[in-house]
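Since every read-out is calculated from the coordinates, none of them should be taken as a lab result. Computed from a predicted model, the values in this text were never measured in an experiment. Note that each Cβ is placed from the backbone with ideal geometry, even for glycine, and that neighbours are counted across all protein chains shown.
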Amino acid sequence: MSTPNLPVGPLGEDPSQLPVRRDGALARPDNAQVLDLLRDGGNDNPDEIDLLAYWRMLVKRRWLIAALVAAGAAIALVMTLKATPMYRATAVVKIDTASQSIVQMGEFGSPYDWDPDFLTTQIGVLTSRSLAERVAEDLRLDAAALARLQPPSWLERLKGTLKPTTAAGPSQDSPPPQPADAAMAAAERAAGTGTIMGGLSVQPQLNSRLVDIAFSSPSPEFAARAANAVADGYIAQELERTFGASSYAKGYLEEQLNLTKARLEQSERDLVEFAQKENLVNVGEGQSLAGQNLGTINTSLAEAQAQRIRAQARWSQLQANDSLPQDLMAASLVPALRSQRADLQRQYQEKLQVFKPDYPDMQRLKSQVDEMDRQISAEIASVRRSVRAEFDAAVAQEQLLKGQLSSLRDESLDTDSRSIQYNILRREADTNRQLYDSLLQRYKMVGASSDARPNNITIIDRAQVPGGAYSPNGVRNLAIGLFLGLLLGVALALLLEFLDDTIKTPEDVEQKLRLSVLGIIPRLGAKQSVATAAQDLRSPFSEAYRSVRTALQFSTDHGVPRTLLLTSPGPGEGKSTSALSLARNFAQLGKRVLLVEADMRNPSLHRSLAATAPDKGLSSLLAGAATLQEVIVPSGEAQLDVIFAGPLPPNPAELLSGTRLVSLLSIAGQHYDQVVIDGPPVMGIADGPLLANSADGTLLVVDSGSTKIGNAQAALKRLLVARAHVIGVLLTKYNPKTAGHGYHYESYYAYGGPARLPGKSR
C-alpha cells in the first residue's frame, strides 16, 4: 500500500488549543445534559427503592450469606447439645377472695378483697423467700440431695445417649438432714431456698383466677414434687395465717367482753340510783316533761316569728309601692280583670275608626272599660286589706307564744339543772351497751368461722412428671440460629455492597454514567489466557467481541465511527485487549483495518501480537522523524495493519495536540475502512481527551468490579468537556456470578454445537 507522507506542522503550537475534529457531524448534541446528570450523581430518583438491585446484591453474596446461616445453625446445635436438659412440671391453683371477715375496721388482720393488686400480691407470696424456705424444708433439701440435682457432665451425658438416665433428685422418704453445726445448717438451708427460688416460675392465666406454678429441674420427678410442694406449702401457709388471726381475735374479744360487761353493769346501777334520788321522770331520750314542752314552744315561736317577718315584709312592700307583688298579683283576680279590660279596650279602639265616641255602642264600651277599672281597683284594695290582716294576726300570735315561753322557762331550768347528771349517766350506760353488743356479735362470728371457714385456695391440677425435656428446644434454637445467621448474612452482604463503590453490572453503567452498554466481556478463567480465548472462535470471549462489533454498527447514524478510540478511566481495564480484538473482528468482515497504539506512555500491544517493538512508531510519526509508510507494520493477520507506539516521548501530550494527529486520522480514514485507536487512560494525563477530541467516536472501557464509580464519572466528564463523541461503554472482566445476576453468558455464547463436516451425522 502506498500512502502519502503526513504534512509537517509546527511543533510549538499551544497544546491547550485542540484541533477541530474532521467529522463534526458525529458530535454529541446532549453533552451538557449528560454532564448535568453526572453532577446529580447519575440517579433519576434517589428515593426510589430498586428491589431487583437489592436481590442481585444478595445473590452476589450468596455464599457469604450461606456461610453465616450455616455458622448460625452450627452454633445453635452446639449450644443445644451443650445445654443441660431441663424438665418443667406445672401445678394449677385457683385463688379466690376470702369469703368472710373476722374483725372489721382493720383492728386485727385484713381480709382479702379482689382488687387489681390482689392477684399480684398473691403471686408475690408464692415467690417469697419464706415460702421457698418452707418448701425446701418439706422436701429435705440437704447437701446430698442438692448434689444429686446437679446437671450431669459432658461425659455422663455422652454415656447417657446409649442409656438415657435422669437425675433422681432427693427422695421423699429420705431421713432428715443432720448438719454438723449451725453454720452448715444455715448454708444448706440457703442453698435449698435458692434452688427452689431459682427453678420456680409463677404465671397467672389471662382473664381468670387461675395461677400456674411451674418448676424447672434436671430431674423430672423432682420438678413435679417441687411444684406440688409449692402449691401445698402455699395453701398451708395461708391456712395457718388465717387460723392464727382467728385465735388471736377470739382471745382478744373475750377479754374485752368481760371488761365491757362490768362497766355496763356499773353504769346502769348509777343511772337508776340517781333517778330515784332526784325523783326524775324521763319521757324518752333522757328529757323531762317541762323540757319537752319548752322545746315545743320554742319551735312554735320560731315559726310564728318567721311568719310575722314574712307578713311584715309583704305589708311594707305594699306600703312602699301601689302595685301588687307578683305572687299576690298571680293569686288575685287582677290578671283576669285586666285581660277583660284589654279586650274591651281593643274593641273600643277598633270601632273608634268607624264610629264617633258619642255613638251608643261606643259609649257602652266606654262604660264597660270604666267598670273594669273600678273592679281592678277594688280587687287591689281587697288584697291590701288581707295582707294587713295577716300581718296583725302574725304579730298577735308571736306575742302569745312569747308569754307561754317565759312561764315555761323557769320551770324547765329547775328540771334541767337536775337532769344534766342524769343524761351523762344515761349516755355512758348506752355507750357501754352498744360496745358490749358489738363485741359479743364478733366473738360469736370468730367462734363459728374458726372451725368452719372455707379455704379460698384450691388446687385444680397437680403437677405430673413431665415426659420430655422442656429445654433446650432443638427445633426452636435451630430456627433462631438460622434466622440470626440469615439476618447477619444479609446485613453483612448489603454492607459490603454499599461499601463497594465499583461498577459491577450493566445497570450500574446505565444508572451512574448515563451511557449505553455496547458489550459485556466475560471474565476469563484462572487457567485461560487471552490469546487462547481469542483463538477459539466459539468461546464466550470471542463471541462477546463479535457482539460488540455488531452493536457498534448501530451506535451512530453512520454506522461504526471511521476512527474509533478505546480508552478507560485507569490502566489495566482491558482497553488494549479490546482494541486488538475489535480490530481483528472488523478485519474478519473483510474490512481493511488499521490498529493505532496511541498509549505512548505504557505500550503493550506488541506483547499481545507476540511481536518485537519497532524502532519507529506513532511517536516518531507525530514528531516528524518518520513517514507513514515507515510506521505502518503488517500484523501477520489478513486485512489488519498496526502502528505501534514507538519510542517513549518525554511529553506525549505535546505530540497529540499538534495537527499531525488530525492529518494521520484523516489520511488513514481514506485508505482504511476502519481505524481502531488503543488510547491511554483518561485520568491523570491529557492524552486521552486529546485523542477523544480527534476521533470520530470514543468507546469507554470499564473493568467490572474494579473501576470506581467516581473514577468512571470523572473520566466521562473529562471526555465530554473535551467534546468527545462517547458512543457507549464496554464492560470487561464481567463475572455474572459475583455481579449478582442469575444468568450466565456462557450459555448464550455457547449456543449451538461444534462445527461438523458436510455429510457427517450427528
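How do 734, 359 line up, fewest other C-beta atoms within 10 Å first?
Details: 734 23, 359 13.
With the fewest neighbours first, 734, 359 line up as 359, 734.
Given H placed on each backbone N at 1.01 Å, which residues far from residue 677 in sequence or on other chains put an amide H within less than 5 Å of it?
Answer set, sorted by chain and number: 564, 565, 566, 596.
Please give the contour-minus-distance gain from residue 528 to residue 554: 0.36 nm per residue of separation, less the Cα-Cα distance, rounded to one decimal in nm. Please report the intermediate quantities before stating the final value.
On the way: separation 26, 0.36 × 26 = 9.36 nm, distance 3.13 nm.
Contour length minus the Cα-Cα distance gives 6.2 nm.
Structure shown: which of 512/591; 512/575; 591/708; 616/717 lie over 24 Å apart, alpha-carbon to alpha-carbon?
On the way: 512/591 35 Å; 512/575 20 Å; 591/708 36 Å; 616/717 33 Å.
In this structure, 512/591; 591/708; 616/717 lie more than 24 Å apart at Cα.
Grab the beta carbon distance between residue 74 and residue 588, set R0 = 51 Å, and tell me the FRET efficiency rounded to 0.05. All intermediate terms of the calculation are to be shown ahead of the outcome.
Working: r = 55 Å, r/R0 = 1.07.
Once the sixth-power term is evaluated, E becomes 0.40.
When 51, 253, 700, 259 are ordered from fewest to most other Cβ atoms inside 10 Å of their Cβ, what list results? Don't skip to the end; give the middle numbers.
Working: 51 7, 253 23, 700 30, 259 12.
Lowest to highest Cβ neighbour count: 51, 259, 253, 700.
Which ³J(HN,Hα) values, rounded to whole Hz and listed in residue order, are derived for region 684-691 from phi using the Karplus coefficients 6.51, -1.76 and 1.60 in 6.51 cos²θ - 1.76 cosθ + 1.60 with θ = phi - 60°, glycine and proline given as x?
x, 10, 8, 5, x, x, 4, 5
Need the full-extension length gain, residue 478 to residue 535, defined as separation in residues times 0.36 nm minus the C-alpha distance. One decimal, nm. Working shown, then result.
On the way: separation 57, 0.36 × 57 = 20.52 nm, distance 5.24 nm.
Answer, rounded to one decimal: 15.3 nm.
Whole-Hz Karplus ³J(HN,Hα) for region 183-199, in order, using 6.51 cos²θ - 1.76 cosθ + 1.60 and θ = phi - 60°, x for Gly and Pro?
Taking θ as phi minus 60°, the curve returns 5, 5, 5, 5, 5, 5, 5, 5, 5, x, 4, x, 5, 5, 5, x, x Hz for region 183-199.
Once the piece of chain linking residue 97 and residue 441 is laid out straight, how much longer is it, given 0.36 nm per residue of separation minus the C-alpha distance between them? Spell out each step's value before the answer.
Working: separation 344, 0.36 × 344 = 123.84 nm, distance 2.29 nm.
In short, 121.5 nm is gained.
Spelling out what I want: for every residue of region 53-70, take phi, set θ = phi - 60°, compute 6.51 cos²θ - 1.76 cosθ + 1.60 (Karplus), and round to whole Hz; glycine and proline get x.
Going residue by residue, I get 5, 5, 4, 5, 4, 5, 5, 4, 9, 5, 6, 5, 5, 4, 5, 5, 4, 5 Hz, with x marking Gly and Pro.
List every residue whose amide H lies under 5 Å from the amide H of residue 86, counting only residues 5 or more places away in sequence or on a different chain, with H placed 1.01 Å from N in the peptide plane.
The answer is 470, 471.
Fewest Cβ neighbours within 10 Å first, please rank 661, 499 accordingly.
Details: 661 25, 499 7.
In order of increasing Cβ crowding within 10 Å: 499, 661.
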